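Novice: Just passing along the structure, written as structure tokens.
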Amino acid sequence: YPITTDMATLTKEIEKFATNKKLEIETLKIRENYRKEFIGNVSHELKTPLFTVQGYILTLLDGAMEDKHIRKKYLNRAEKGVERLIYIVRDLDMITKLETGDLNLDREEFNIIELVQSVFDLLEMKAAKKDISLAFDMQYANPILVVADKERIQQVLTNLVVNSIKYGRENGTTEISVENLIRNKVIVRITDNGEGIQKENIPRLFERFYRVDKSGSRREGGSGLGLAIVKHIIEAHNEKIYIESEYGVGSEFSFTLEKAK
Ligand code: ADP
């Protein structure tokens, strides 16, 4: 530590040192609380499906195994629980990588129209179960080339479309559009006419584990991490994400991407 004979300077230096230390300690405390909260959230998220799976196994061991139909039904439900656990762990893994900056983007040039189409193809069955139609304006005969991490953007699209189905109404519609923005950007919009989100909940939507309706979201098989992952991926690309929603009417999530030159 620098030695100085001037008492006033020394006092100032000591005060500065103390303030810095205090700030450092404050930062460490915040980090520690964040870590504790994260672990608390994770165990809470894992508990429900774990107890569900255990419940079915115990009932099977208790004699339900004898009945062929019940056996199948309970095994199916236990399997669903395990599937949920896998999704949660996969999302946790992703969010940890994104938050610690361990996920390098692999940028490439690709046709966003084709990617939207492939996401729709993959989610068609899920949408059909709720009679939701997935609409993609067919004006896009020509490819629109963007530069981004294709796999990550596929995940963004998947999470947003899955949400529009989960929180969409029976017989509803999810629509995607891709538009040129000024300069070298495009904007991708995912619009649904589902349950919508109340104004006061919108600012917290992108927080991890935040849900408007906890039981509804869990019933739909969500981890509460989908939108946090979406936000991280878009921000890692230095792009922007927007949300507009009206309660009872529907929601629109949109994000920008860089156009290929
Ligand atoms: P979850 O796994 O709960 O779906 P997300 O992070 O993907 O987690 O979403 C957080 C919350 O935002 C959801 O629980 C839901 O309340 C709300 N939400 C997300 N997308 C929509 C949507 N399209 N319409 C209405 N609410 C939505």
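Novice: Considering each of 130, 126 in turn, give the residue that is part of a helix (DSSP H, G or I) and farther than 21 Å from residue 184 by Cβ.
Specialist: Criteria check complete, one pass: 126.
Novice: Then there's this: Among the residues of the range 225-259, write down those that are without any contact (Cβ under 8 Å) to a residue 40 or more places away in the chain and open to solvent by 50 Å² or more (accessible area, probe 1.4 Å).
Specialist: Across the range 225-259, the qualifying residues are 231, 235, 238, 240, 242, 244.
Novice: Of the conditions (1) more than 19 Å from residue 254 (Cβ to Cβ); (2) open to solvent by 60 Å² or more (accessible area, probe 1.4 Å), residue 222 clears all except one; give me its number.
Specialist: It fails just one condition, (2).
Novice: Does residue 119 satisfy being within 24 Å of residue 231 (Cβ to Cβ), open to solvent by 60 Å² or more (accessible area, probe 1.4 Å) and in contact with a helix residue (DSSP H, G or I) (Cβ under 9 Å, 6 or more places away or on another chain)?
Specialist: Considered against the rule, which asks whether it is within 24 Å of residue 231 (Cβ to Cβ), open to solvent by 60 Å² or more (accessible area, probe 1.4 Å) and in contact with a helix residue (DSSP H, G or I) (Cβ under 9 Å, 6 or more places away or on another chain), residue 119 comes out as no.
Novice: Considering only residues that are in contact (Cβ under 8 Å) with a residue 24 or more places away in the chain and open to solvent by less than 60 Å² (accessible area, probe 1.4 Å), look in the range 68-81 and name the one that is farthest from residue 153 (Cα to Cα).
Specialist: 78
Novice: Additional query: Considering only the range 83-111, state which residues are in contact with a Pro (Cβ under 8 Å, 6 or more places away or on another chain) and part of a helix (DSSP H, G or I).
Specialist: Result: 84, 85, 88.
So that you can scan it fast, the table gives a plain yes or no per residue for (1) modelled with pLDDT of 90 or more; (2) exposed (fewer than 11 other Cβ atoms within 10 Å of the Cβ):
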{"position": "7", "(1), (2)": "no, yes"}
{"position": "19", "(1), (2)": "yes, yes"}
{"position": "24", "(1), (2)": "yes, yes"}
{"position": "52", "(1), (2)": "yes, no"}
{"position": "60", "(1), (2)": "yes, no"}
{"position": "66", "(1), (2)": "yes, yes"}
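Novice: While we're looking at this one, here's another question. Answer yes or no as to whether residue 205 is in contact with a strand residue (DSSP E or B) (Cβ under 9 Å, 6 or more places away or on another chain), within 19 Å of residue 238 (Cβ to Cβ) and free of Cβ contacts under 8 Å to residues at least 60 places away in the same chain.
Specialist: No.
Novice: Being open to solvent by less than 50 Å² (accessible area, probe 1.4 Å), within 9 Å of the ligand (Cβ to nearest atom), part of a helix (DSSP H, G or I) and without any contact (Cβ under 8 Å) to a residue 12 or more places away in the chain: is that true of residue 163 here?
Specialist: no
Novice: If you take the residues of the range 143-159 that are surrounded by fewer than 22 Cβ atoms within 10 Å (Cβ to Cβ) and more than 12 Å from the chain's Cα centre (by Cα), which of them is farthest from residue 120 (Cα to Cα)?
Specialist: The qualifying residue farthest from residue 120 (Cα to Cα) is 147.
Novice: What is the number of the single condition among (1) touching a Ser or Thr at 6+ places or on another chain (Cβ under 7 Å); (2) open to solvent by 50 Å² or more (accessible area, probe 1.4 Å); (3) farther than 30 Å from residue 210 by Cα that residue 87 does not meet?
Specialist: (3)
Novice: A further question on this structure: Restricting the search to the range 166-183, which residues are surrounded by fewer than 22 Cβ atoms within 10 Å (Cβ to Cβ), part of a strand (DSSP E or B) and within 15 Å of the ligand (Cβ to nearest atom)?
Specialist: 173, 175, listed by residue number.
The values are calculated or read from the model by the stated rules, or taken from the named source; none is laboratory data. Remember, it's a predicted structure, so these values are computed and weren't measured experimentally. FYI the Cβ positions are ideal-geometry reconstructions off the backbone, even for glycines, and counts take in every protein chain you see. These area figures cover heavy atoms from the full protein model, side chains too; ligands, DNA and RNA do not enter into them. Shrake-Rupley method; radii C 1.70, N 1.55, O 1.52, S 1.80 Å.
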